[in-house]
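Below is one structure, written out as structure tokens; comments come after it.
The values are calculated or read from the model by the stated rules, or taken from the named source; none is laboratory data. Note that the coordinates shown come from a computational prediction; the quantities given were computed from them, not determined experimentally. Note that each Cβ is placed from the backbone with ideal geometry, even for glycine, and that neighbours are counted across all protein chains shown. These accessible areas exclude ligands, DNA and RNA; they are computed on the full protein's heavy atoms, side chains included. Shrake-Rupley method; radii C 1.70, N 1.55, O 1.52, S 1.80 Å.
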Amino acid sequence: MRDTYSEGLKIIKDELLLLPKSPGIYKMVDKNGDILYVGKAKNIKKRVTSYSKLNNQSQRILTMISNIKKLEIMVTNTEVEALLLESNLIKKHKPRFNILLKDDKSFPSILLTSDHNFPQIKKHRGRKIEKGFYFGPFSSAGSVNRSIDALQKGFLIRNCTDNVFKLRTRPCLQFQIKRCTAPCVGFVNQDDYKKQIDQAKSFLSGNSNEIKKNFAANMEKCSETLDFENAAVWRNKIRALSNIQSFQNININGLGDADIIAVFSNFKKTAINISFMRSGSNFGDHTYFFSQSSETSSNKLISEFLSQFYENKIPPKEIIVSHTPIDLKLISEALSSLVDYKIKIICPQKGIRKKLINNSTQNAEVSLNRKISEEDKTKKNFDEIKKIFKITNNINRIEVYDNSHIQGKFAVGAMIVANKDGFDKSSYRKYNLEIEDNTLGGNDFGMMEEVIKRRFRKNNSNVSAYNLPDLILIDGGRGHLNTVYKVLKEYQLDWIKVCAISKGADRNAGREKFHLIDESSFTLKPNSLIMFFLQKLRDEAHRFAITAHRLKRKKSISYNQIDEIDGIGNIKKKALLKYFGSAKEVSKASIDDLIKVDGISKNVAQKIYNFFSNE
């Protein structure tokens, strides 16, 4: 056994002589230069020494040692810095032997902007670089949209963009349906609008009952003075705010902002469920799955999850966990260094927080059992496909390709990926096909050839097949099949099985024909489960291609060169297009001609003329 690991052990032992006793991170690298593992350490020399002894090592670590060709280190000032650097590198390189959080999901929030005299309410995703009051995260875009809708009804806050706000000359529909006080046309002054914003912030910060009491008091006053119309307005506001609370599942007094994180393991798989509590209200949950956890304790998994999950998200003041993380104090310090308040991580044994953990654990269990069931179905489908298409190796990755265009215009190629976990949306790719010279215009074969070349150009027979498919499905006929196979053969990848799926008689679903290289075409039973599965793969590729095509077409149609001219808004743009007919004619116009357009001064005309003269 030692012969298998001798080279890796020698590399580790040779490096030990040079390693410092300071905090930092270490990287195990394989023969291709790919990072196998990233680890942190308070004492790099002491930590790496533990790998020099084969006794008591897990099979995962032994396999990693057998692949080591190089060891790299990076020294940090503190152990906290090492932890943060480790999580960054794991996110960036996704090492095979680390516990990986496949977190390609950004959670939406509600944003009340603060860089305008009349702030806007809107949904926000990603980094919080825009100035304003953020509230969230929410587990889904739907819950954010419902909350914004209700907040507009309750506090009459505008949701239009600053540009639309600036160009309004009369109230829009939002004012008519009583969801905005129309600050754009001066129907509300800045001080009164600020009160609306402050009430919304107060409500989102947990003072919901106090706000509703004030609204109820106003409703009663209106009723007493027989002003039933305004009484109904206040009643509708109360209903809207109550509606927000009704779909937030659980409301807990005394609990502020907290994330509840619970681990559940079964059949050598693990699920981690996280629920978002903000101001005592539950804004939904999300479950992550791990497959490398059979040799890893729940305490270690919680530690890895906390380090990676909050690498690009703002942690709340309190994090409630089902298992005490390893390096609890270190992780708390590291997370606190990302914000301007102290992060408290607790593992409750009783009380309301323990009930929340139990609820989150139950959600993790239900999600994991469903995941295991889905994976079992997928495995059976993969095994069946292996038989049908006569594939010798096990199927781990299927890539499906489709093109979408209108007579060659706005052409987009699409690739979707399916593996044992289902659709791997983080691996989806779209390929914008630029066909200005019309060499590919309407040529579906040429487009498919271009897509396949761009996908596999960097791969050849000497490159690891780690990220290559075991099966390629093409939406098309034998012509598409031959086109794809020719490219794969050119790149020495013709060992990858390729199948083209064409529509059957009358283009009816269930009568599709399957085409393989050097074999006769065949069909499957129309109502078979495997036929439904293959249709599902093909339809997902078609959906993704159509969506990408529509976005490209919409962007192209809405784009206009005039949009690039500084100081030209919608009103001037419309006036120019109405007068000249097109941007092309505007580009040909002289300064004297431009001045004739309503709203275009001599200075603006000069700016337009200079823009097109420099093209």
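When you scan region 330-364, how many residues do you find that are of a type in the set (A, V, I, L, M) and farther than 19 Å from G256 by Cα?
5
I want to confirm something. Restricting to region 332-358 and keeping residues that are hydrophobic (A, V, I, L, M, F, W, C) and either in a strand (DSSP E or B) or open to solvent by 30 Å² or more (accessible area, probe 1.4 Å) (or both), which single residue is nearest to V80 (Cα to Cα)?
The selected residue is L338.
Return yes or no: is G504 over 30 Å from L481 (Cα atoms) and either modelled with pLDDT under 85 or touching an Asp or Glu at 6+ places or on another chain (Cβ under 9 Å) (or both)?
no
When residues of region 211-257 are filtered for being more than 30 Å from F305 (Cβ to Cβ), exposed (fewer than 15 other Cβ atoms within 10 Å of the Cβ) and at pLDDT below 75, how many remain?
5
Checking T181 against (1) modelled with pLDDT of 80 or more; (2) out of contact with any Leu (no Cβ under 6 Å at 6 or more places or on another chain); (3) over 30 Å from I357 (Cβ atoms), which single condition isn't satisfied?
(2)
Do the conditions hold for I571, that is, is it surrounded by fewer than 16 Cβ atoms within 10 Å (Cβ to Cβ), in contact with a strand residue (DSSP E or B) (Cβ under 6 Å, 6 or more places away or on another chain) and in a helix (DSSP H, G or I)?
Criteria not met by I571.
Tell me, yes or no, whether region 522-530 has at least one residue that is modelled with pLDDT of 75 or more, farther than 30 Å from D162 by Cα, part of a helix (DSSP H, G or I) and not acidic (D, E).
yes
Mind checking whether some residue in region 44-60 is in contact with a Leu (Cβ under 7 Å, 6 or more places away or on another chain), under 25 Å from K269 (Cα atoms) and surrounded by 16 or more Cβ atoms within 10 Å (Cβ to Cβ)?
No, the conditions are met nowhere in region 44-60.
Given the condition among the hydroxyl-bearing types (S, T, Y) and within 30 Å of E311 (Cα to Cα), answer yes or no: does some residue in region 172-187 qualify?
No, region 172-187 contains no residue that is among the hydroxyl-bearing types (S, T, Y) and within 30 Å of E311 (Cα to Cα).
Could you tell me whether N393 is farther than 20 Å from M531 by Cα and either at pLDDT below 90 or basic (K, R) (or both)?
When the stated conditions are applied, N393 passes them.
In this structure, does I320 turn out to be in contact (Cβ under 8 Å) with a residue 40 or more places away in the chain, open to solvent by less than 20 Å² (accessible area, probe 1.4 Å) and either in a helix (DSSP H, G or I) or touching a helix residue (DSSP H, G or I) at 6+ places or on another chain (Cβ under 8 Å) (or both)?
Yes: the conditions hold for I320.
Quickly run through region 580-604 and pick out the residues that are within 22 Å of R168 (Cα to Cα) and either of a type in the set (D, E) or part of a helix (DSSP H, G or I) (or both).
Listed by number, the residues that qualify are D598, V604.
Within region 5-22, does at least one residue satisfy the condition of being part of a strand (DSSP E or B) and open to solvent by 20 Å² or more (accessible area, probe 1.4 Å)?
Among the residues of region 5-22, not one is part of a strand (DSSP E or B) and open to solvent by 20 Å² or more (accessible area, probe 1.4 Å), which makes the answer no.
Does L301 count as closer than 19 Å to K354 by Cα and among the hydrophobic types (A, V, I, L, M, F, W, C)?
Spelling it out, it is not the case that L301 is closer than 19 Å to K354 by Cα and among the hydrophobic types (A, V, I, L, M, F, W, C).
So which of F514, F532 is open to solvent by 30 Å² or more (accessible area, probe 1.4 Å) and either in contact with a His (Cβ under 6 Å, 6 or more places away or on another chain) or not small (G, A, S) (or both)?
Going through F514, F532 in turn, the sole match is F532.
Looking for something of a type outside the set (D, E), touching an Asp or Glu at 6+ places or on another chain (Cβ under 7 Å), open to solvent by 20 Å² or more (accessible area, probe 1.4 Å) and within 30 Å of N312 (Cα to Cα) - is there at least one such residue anywhere in region 87-95?
Checked against the condition, which is being of a type outside the set (D, E), touching an Asp or Glu at 6+ places or on another chain (Cβ under 7 Å), open to solvent by 20 Å² or more (accessible area, probe 1.4 Å) and within 30 Å of N312 (Cα to Cα), region 87-95 yields at least one hit.
Can you find even one residue in region 143-150 that is of a type in the set (K, R) and free of Cβ contacts under 8 Å to residues at least 24 places away in the same chain?
Scanning region 143-150 turns up no residue that is of a type in the set (K, R) and free of Cβ contacts under 8 Å to residues at least 24 places away in the same chain.
Listed here are the residues, each with its yes/no results for (1) of a type outside the set (S, T, Y); (2) open to solvent by less than 30 Å² (accessible area, probe 1.4 Å).
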site: Y134; (1), (2): no, no
site: S143; (1), (2): no, yes
site: A150; (1), (2): yes, yes
site: N159; (1), (2): yes, no
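Is it the case that I260 is closer than 30 Å to I99 by Cβ, at pLDDT 80 or above and hydrophobic (A, V, I, L, M, F, W, C)?
Criteria met by I260.
Return a yes/no flag: does region 165-186 have any residue that is of a type in the set (A, V, I, L, M), more than 30 Å from K574 (Cα to Cα) and open to solvent by less than 50 Å² (accessible area, probe 1.4 Å).
No, region 165-186 has no match at all.
Give me the residue from region 287-316 that is open to solvent by 50 Å² or more (accessible area, probe 1.4 Å) and under 15 Å from the mean Cα position of the chain (by Cα) and, out of that set, modelled with the lowest pLDDT.
Among those residues, the one meeting the criterion is N312.
Looking at region 111-144, which of its residues are out of contact with any Ser or Thr (no Cβ under 6 Å at 6 or more places or on another chain), closer than 20 Å to L241 by Cα and modelled with pLDDT of 85 or more?
Of everything in region 111-144, those that are out of contact with any Ser or Thr (no Cβ under 6 Å at 6 or more places or on another chain), closer than 20 Å to L241 by Cα and modelled with pLDDT of 85 or more turn out to be L111, L112, I121, K122, K123, F133.
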